[in-house]
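Derivation of every value follows stated rules applied to the coordinates shown; laboratory data play no part. Worth saying up front: this structure is predicted, and the values here are computed from it rather than measured. Every residue, glycine among them, receives a Cβ derived from its backbone with ideal geometry; neighbour counts consider all protein chains shown.
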Amino acid sequence: MYDAFISHIRQSTLLQADKRYLLACSGGLDSMALAHLLHASGIQLELAHVNFGLRGAESDGDEEFVKSWAKDRSLLVHIHRANTVEWADKNGISIQMAAREIRYQFFEEIRSQQNLEGILLAHHQDDQLETIFLNLARGTGIEGLYGMSERRGWLIRPLLPFSRAQLESYMEEVKQTWREDRSNATTDYKRNKLRHSGLPALYNLEPDTRQNLLQSFARLKDTGKAFTGLVEAWKKEHIREQHGMCFLSYKSIHNLPGAATLLYFWLRPYGFNSDQALTLSKCLEEIKPGRLLRSTQYELSLDREELILYPIPVEFPAVELSIGTPSISLPDGAYQLTWDLPPIAIDRNPANAVLDLDCLEFPLQIRGWQEGDRFNPLGMQSEKKISDFLIDNKVPFALKKEVKVLVSGNKIAWILGMRIADWAKVSPATQKCLHIQKS
């Protein structure tokens with residue numbers, strides 16, 4: 001196995017002879033086999049061991065075993081004694097999750113302090129198969145079939161191509177010992193149940209079942225990578241980004257094979273899950289504008305012709321304007337206010353407003369529009385609900401929540417960026433006006 005290991009790390013360029021690494025070493029078969037292989041191959045390393053204090057004298061025995069092995073080879077070893085139960089209680093998590101958090105946090109601290117090239121983990125082929133099946137049981141989808149990566153950030157797994165049986169055979173060949181964790185023999189945990197019962201039964205179906213599974217998962221992983229590339233191309237072609245929002249027309253997704261999966265891969269970075277993507281794909285069968293889906297920070301709305309994704313709007317606090325206020329700053333930008341004679345030419349830019357100052361009641365207020373708000377748009381004598389005005393002007397549902405109004409007394413004088421009220425317009429009789437201009 002030694003030759004196969006050397007060949008693997010050379011071909012994969014996982015490790016470099018002139019770099020120094022941190023080996024996570026429990027004292028068990030996997031990590032001790034990796035320790036022997038690394039030491040024999042001349043890779044520079046330091047060891048890190050966590051004593052979780054969960055098995056009394058056995059935990060202390062593991063610690064002493066690792067320290068002794070490192071001392072015999074003049075290797076630096078870092079030891080951390082953790083109160084795992086206290087950590088789990090404090091954070092409201094399981095003992096297993098607490099142990100995981102503790103060890104990875106410790107490993108990263110040592111790697112950073114010692115300026116090491118990476119953290120070496122002894123996960124092997126059997127661990128990989130167990131991880132994939134556990135992912136499938138949790139319903140993680142195609143990416144769950146990828147399993148663990150040989151390299152992810154600082155984490156490096158040089159043993160993934162090798163089975164536990166190969167590691168055990170190697171250790172017997174070089175006449176080296178390791179520590180046995182008796183908890184690994186129980187079926188108290190899902191992984192152990194799978195290891196001792198589920199997978200052996202599966203492997204017994206056919207002589208080549210194990211190897212066939214590995215080959216199938218490798219092909220599926222490659223298929224997944226190809227699919228990811230196609231999804232990115234589809235997103236680039238069909239998803240339009242504007243003003244911090246994303247737009248996807250119905251015709252780009254409706255009746256498309258695998259629509260739920262495409263939607264999931266688009267929306268996942270925004271906190272949406274696969275169930276929501278499936279729900280959304282079913283909603284596309286009968287469009288009902290105004291329907292919403294939410295993640296913790298984003299909303300997705302079904303508009304008339306497209307899906308619109310946008311951050312959940314932050315509540316806008318009302319702003320008061322007194323006579324003479326020179327400027328205001330709103331979420332959509334800054335505005336300059338001029339209090340003067342009417343302009344010679346009327347400003348017809350909808351982003352700005354020119355209002356008859358004598359018609360206004362102070363202080364003015366800028367706030368978000370509310371259901372039931374009404375105003376009479378410029379050119380109309382009768383009132384109209386703002387909700388109807390926004391519909392008539394085809395304002396997307398996502399943008400409606402951002403619409404703000406300028407209120408004078410109990411009347412709306414201006415829908416910002418859209419239309420002033422007819423009663424507030426300047427006329428030949430106007431003597432002074434308020435000119436609001438977006439910077």
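In what order do VAL354, VAL319 fall by count of nearby beta-carbon atoms within 10 Å, going from fewest to most?
Details: VAL354 23, VAL319 16.
The order, fewest Cβ neighbours first, is VAL319, VAL354.
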### Task
In debye, nearest 20, what is the charge dipole magnitude of the chain about its Cα centre with +1 on Lys and Arg Cβ and -1 on Asp and Glu Cβ, if you could check?
560
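When the helices in the chain are scored as -39500 (n - 2.57) per DSSP H run of 4 or longer and the sum is shared across all residues, what 222 nm value do you end up with, to the nearest 500 deg cm²/dmol?
Numbers: 14 runs with 160 residues, N = 439.
Dividing the helical sum by the residues of the chain leaves -11000 deg cm²/dmol.
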### Query
How far apart, in nm, are the 7 Å Cα→Cβ label points at GLN336 and TYR104?
5.3
### Task
Pick out, from PRO350, HIS435, TRP339, the residue whose Cα sits farthest towards the positive end of the charge dipole of the stretch 319-438, with +1 on the Cβ of Lys and Arg and -1 on the Cβ of Asp and Glu.
PRO350
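Can you work out the FRET efficiency for the pair ILE142 and SER329, with r the C-beta to C-beta distance and R0 = 45 Å, to the nearest 0.05?
Working: r = 47 Å, r/R0 = 1.04.
Approximately 0.45, to the nearest 0.05.
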### Summary
Log entry: pair-distance distribution for the stretch 2-205, C-alpha pairs binned every 10 Å from zero, whole % per bin is 8, 32, 40, 19, 2
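Treating the beta-carbon of each Lys and Arg as +1 and of each Asp and Glu as -1, no other charges, what is the dipole magnitude of the stretch 319-438 about its Cα centre, to the nearest 20 debye? Each step should come with its number before you reach the end.
Working: 14 positive and 14 negative charges, 57 e Å.
Rounded to the nearest 20 debye, it is 280 debye.
By the scheme Lys and Arg +1, Asp and Glu -1, what is the net charge of all other residues having a beta-carbon under 12 Å from that of LEU76?
Values: positive: ARG20, LYS67, LYS71, ARG73; negative: GLU46.
Taking every Cβ under 12 Å from that of LEU76, the sum is +3.
When ILE412, ILE312 are ordered from fewest to most other Cβ atoms inside 10 Å of their Cβ, what list results?
Numbers: ILE412 23, ILE312 12.
The order, fewest Cβ neighbours first, is ILE312, ILE412.
Could you state, as a whole-number percent, how many of the C-alpha pairs of the stretch 319-438 are farther apart than 20 Å?
On the way: 2694 of 7140 pairs.
The answer is 38 percent, as a whole percent.
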### Query
Around LYS432, what is the net charge, scoring Lys/Arg as +1 and Asp/Glu as -1 over all other residues with Cβ under 15 Å from its Cβ?
-3
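Under 8 Å for C-alpha pairs, at least 6 residues apart: give me the relative contact order for the stretch 296-368, rounded to a whole percent.
Worked out over the stretch 296-368, it gives 33 percent.
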#### Entry: Alpha-carbon radius of gyration plus Dmax, which is the widest Cα pair, for the stretch 207-252 in Å
17.7, 59
### Query
Hey, which of these cross-link pairs are over 27 Å Cα-Cα: LYS190/LYS235; LYS236/LYS282; LYS235/LYS400; LYS67/LYS193?
LYS190/LYS235; LYS67/LYS193
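Tell me the net charge near GLY198. Cut-off is 11 Å between Cβ atoms, GLY198 excluded, with +1 for each Lys or Arg and -1 for each Asp or Glu. Spell out each step's value before the answer.
Numbers: positive: LYS190, ARG191, LYS193, ARG195; negative: GLU130.
That sum, taken over residues with Cβ under 11 Å, equals +3.
Enter the per residue convex hull volume of the chain, computed from alpha-carbon coordinates, in Å³ rounded to the nearest integer. If you can, show how the numbers build up before the last one.
Values: hull volume 98.8 nm³, N = 439.
Hull volume over Cα atoms, normalised by residue count, gives 225 Å³.
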### Task
Once every Cα of the stretch 173-247 carries one equal point scatterer and solvent is ignored, give the base-10 log of I(q)/I(0) from the Debye formula at q = 0.23 Å⁻¹, two decimals.
-1.05
